[in-house]
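The values are calculated or read from the model by the stated rules, or taken from the named source; none is laboratory data. These figures come from a predicted structure and were not determined experimentally. Positions of Cβ are generated from backbone atoms using ideal geometry, with glycine treated the same way; all protein chains shown enter the neighbour counts.
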Amino acid sequence: MKETILSGMQPSGELHIGNLECALRNWARLQDDYNMYCCIVDWHTLTADYKETGVLKERVYQMAVDYMSAGLDPEKCAIFVQSDVKEHAELHLIFSMLITVPTLTRLPTFVEKQEQKGLDSYGFLGYPVLQAADICIYNAHKVPVGKDQEKHIWLAADIAKRFNNTYGETFIEPKVLLTPIPLIPGTDNRKMSKSYNNHLPIAATEEDTTARLKKMYTDPEKLRKNDPGHPEKCPVFQLHRIYTPGAENDIAPPCRTGELGCVECKQKLAANMNNSLRPIREKRVELEKQPDYIWDVLKDGGNRARKTAQEVMEKVRTAMKMKYWK
Ligand code: TRP
């Protein structure tokens, strides 16, 4: 029997190479070895952007296209929309009884967003509780995420344990499966994020990618072409590590000695990155032309996910002695 894993992403707009390298490609590698669920968490998006719901349909669609062009195969994993499986909401309600408000308000993700965006809603406070429900409703053993999500998974394990202690053994306590590439720097050397506008979109043209890289932040001590550089401090080199095989031998030494200038270094990176993204971009273009197929995949994925989710909810109701009818 294969173990189960689940992961999810918010449909918050165009995906970038950080999402691709830190998450999607890793998920695609895992889908052969695990029973896998890939969720598009539209309800989570509402916790911050509850007003602009008109964009969601297109974003959900684009996210499904991104998932599949990155190699997620609907035959191997269930690709689905969170709000299509109502059991997530039911379990969220039950789980909300098993966690205290101070535990949630202390989470760094809550503190950060509250400060940045002034988010204060009841729904936003429950963000990690909904995430715990996403995971536990499939009794997932592991959750492939980045380090920034670790505390949320621990919280999910904690809630699962509390449920088991209160009502009897029902849930698996999920574990974090850290992604091999933890973080990708953006063009300004902060973490790559659409909200910082320092990102390299997957769906961009090759020219656009090259142009964005051209403006990328580099080692501030390497002012002129022949100045010696410090690759370990340069975000461009971090990207070379991903896209340029043999970067340690071919890029780092000539940068250090000053033989390789930043302009040429970035041109090499742009070429390698575009080569690596080309098959994904081509697949994207193909898939985007087939909306009926994409929506069918999501519907089918939802049906498969719901079957498991309903079974687990039955166990929950039985454990809680709330199964009133046969
Ligand atoms: N909070 C996650 C993020 O911001 C998204 C998410 C929602 C998720 N539900 C999940 C991730 C369940 C893993 C498992 O990236």
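Conditions: (1) within 15 Å of the ligand (Cβ to nearest atom); (2) closer than 30 Å to T210 by Cβ; (3) touching a residue at least 40 places away in the same chain (Cβ under 8 Å); (4) not β-branched (V, I, T). G186 meets all but one. Number of the miss?
(1)
Can A211 be described as outside the structural domain of M97 (by TED's automatic domain parsing), of a type in the set (G, A, S) and in a helix (DSSP H, G or I)?
When the stated conditions are applied, A211 passes them.
Out of curiosity, is V101 within 27 Å of T170 (Cβ to Cβ), assigned by TED's automatic domain parsing to the domain that holds L20 and crowded, with 19+ Cβ neighbours inside 10 Å?
no
Restricting attention to helices (runs of 4 or more DSSP H) lying wholly within the stretch 225-326, give those where 2 or more residues are within 21 Å of the chain's Cα centre (by Cα).
235-243, 262-288, 291-319
For the subset of the stretch 34-51 comprising residues that are outside any strand (DSSP E or B) and β-branched (V, I, T), which member is nearest to the ligand (Cβ to nearest atom)?
So, considering only residues that are outside any strand (DSSP E or B) and β-branched (V, I, T), the one nearest to the ligand (Cβ to nearest atom) is V41.
In the stretch 275-298, is there at least one residue being aromatic (F, W, Y), surrounded by fewer than 18 Cβ atoms within 10 Å (Cβ to Cβ) and in contact (Cβ under 8 Å) with a residue 60 or more places away in the chain?
Yes, the stretch 275-298 contains a residue that is aromatic (F, W, Y), surrounded by fewer than 18 Cβ atoms within 10 Å (Cβ to Cβ) and in contact (Cβ under 8 Å) with a residue 60 or more places away in the chain.
Could you tell me which residue of the stretch 136-166 is farthest from the ligand (Cβ to nearest atom), considering only residues that are in contact with an Asp or Glu (Cβ under 7 Å, 6 or more places away or on another chain) and in a helix (DSSP H, G or I)?
Looking at the filtered set, the residue picked out is K161.
Quick check on the stretch 50-65. Is at least one of its residues farther than 19 Å from S195 by Cβ and among the small types (G, A, S)?
Scanning the stretch 50-65 turns up at least one residue that is farther than 19 Å from S195 by Cβ and among the small types (G, A, S).
Pick from the stretch 1-31 the residues that are away from the ligand (no atom under 14 Å from the Cβ) and over 18 Å from S69 (Cβ atoms): which of them is surrounded by the fewest Cβ atoms within 10 Å (Cβ to Cβ)?
Out of the qualifying residues, it is M1.
Look at the stretch 87-110 and say how many of its residues are among the β-branched types (V, I, T), assigned to a helix (DSSP H, G or I) and modelled with pLDDT of 90 or more.
The qualifying residues number 4.
Take T209 and tell me if it is more than 16 Å from the ligand (Cβ to nearest atom), closer than 23 Å to T100 by Cβ and in contact (Cβ under 8 Å) with a residue 40 or more places away in the chain.
The answer is no for T209.
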